[in-house]
Amino acid sequence: MSPTRLGRTRWRRFTAMLLGGLVATTGLILLTGTGVLAASFSISGMPFTVTSPRLHGTGFAQYAELDQMVPGSPNEGDTGGQVVVIVSAINDAQLDGLCQSIALGGINLKITAGSASNKVTADTLVVDSDLITGNADFNNIEIGRDASTLDAVPGKKGAIGVFGQQADEVTITNLKQNNYATTAATFHLPNLRMAFTSDGC
């Protein structure tokens, strides 16, 4: 094979690999932007409270996972920088109002939005919690399904061998969560108000 021929072959291979990488990267960016893939990030380790009078969702999945803090985080405590969380994913969610607060040493950063007549809405809502309370109703629920096979919310599933559950619909009244992370493809918060307050949610 001549040097010219070899050079052409190498450049063609390089170009093909480069284009393949660009296509894959672009695909991941598009999938993340549309909520099909989760945008992974290190949690702060500071829990925040979320409450709502009523949540209704279509497409529901739930499984356990480990959230990771940045190494050396001052919030590690005796956790080793890891928190076991309940991941709750909802394909389409509606909330009759929402309150979120985080305690900041004697003061709270509090966010309120929406109402029963002007709902908070979210697509591909994913919440990482270590405590969830309320009154729940499910339609067509499957309990004990392997988390790696969950398909109620596209792209949201756990690891092989992990306990999971999913349902076509979920309704929770008097919802209260202790959360470490929230992501959503879209999040609509009408009448949003954010302020420092003496009380939380």
Name the single residue, out of those in the stretch 189-201 being of a type in the set (A, V, I, L, M) and more than 18 Å from the chain's Cα centre (by Cα), that is surrounded by the fewest Cβ atoms within 10 Å (Cβ to Cβ). Ala195
Can you tell me how many residues within the stretch 154-188 are buried (at least 16 other Cβ atoms within 10 Å of the Cβ), of a type in the set (D, E, K, R) and more than 15 Å from the chain's Cα centre (by Cα)? 2
Among the numbered criteria (1) more than 17 Å from the chain's Cα centre (by Cα); (2) farther than 30 Å from Thr149 by Cα, which single criterion is violated by Gln100? (1)
Pick out the one residue from Val83, Val120, Val126, Val87 that is in contact with a His (Cβ under 8 Å, 6 or more places away or on another chain) and assigned by TED's automatic domain parsing to the domain that holds Glu142. Val120
Could you go through the stretch 141-152 and let me know if any residue there is in a helix (DSSP H, G or I), surrounded by fewer than 15 Cβ atoms within 10 Å (Cβ to Cβ), at pLDDT 95 or above and in contact with a strand residue (DSSP E or B) (Cβ under 9 Å, 6 or more places away or on another chain). yes
Please work out which residue is farthest from the chain's Cα centre (by Cα), limiting yourself to the stretch 46-87 and to residues that are hydrophobic (A, V, I, L, M, F, W, C) and exposed (fewer than 14 other Cβ atoms within 10 Å of the Cβ). Met46
All but one of (1) at pLDDT 95 or above; (2) in contact with a Leu (Cβ under 9 Å, 6 or more places away or on another chain); (3) not in a strand (DSSP E or B) hold for Gly155; which doesn't? (1)
Is it true that Lys119 is in contact with a Cys (Cβ under 8 Å, 6 or more places away or on another chain) and either without any contact (Cβ under 8 Å) to a residue 60 or more places away in the chain or of a type in the set (D, E, K, R) (or both)? no
Sole exception among (1) over 19 Å from Leu189 (Cβ atoms); (2) crowded, with 20+ Cβ neighbours inside 10 Å for Gly105, by number: (2)
In this structure, does Ala167 turn out to be assigned to a loop (DSSP other than H, G, I, E, B) and small (Gly, Ala, Ser)? no
Examine the stretch 53-62 for a residue that is within 25 Å of Ser198 (Cα to Cα) and hydrophobic (A, V, I, L, M, F, W, C), and state whether such a residue exists. no
If you go through the stretch 111-136 one residue at a time, how many are assigned to a strand (DSSP E or B) and of a type outside the set (Val, Ile, Thr)? 11
Residue in the stretch 98-136 that is modelled with the lowest pLDDT, counting only those that are over 25 Å from Gln68 (Cβ atoms) and among the small types (Gly, Ala, Ser): Gly106
List the residue pairs whose Cβ atoms are under 9 Å apart, where the first residue sits in the stretch 84-110 and is more than 12 Å from Met194 (Cβ to Cβ) and free of Cβ contacts under 8 Å to residues at least 60 places away in the same chain, the second is of a type in the set (S, T, N, Q) and outside any strand (DSSP E or B), and the two are 6 or more positions apart or on different chains. Asp96/Ser115; Asp96/Ser117; Gly97/Ser115; Gly97/Asn118; Gly106/Ser198
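The values are calculated or read from the model by the stated rules, or taken from the named source; none is laboratory data. Keep in mind it's a predicted model, so treat the numbers as computed, not measured. Here Cβ is always computed from backbone atoms with ideal geometry, including for glycine, and neighbour counts include all displayed protein chains.
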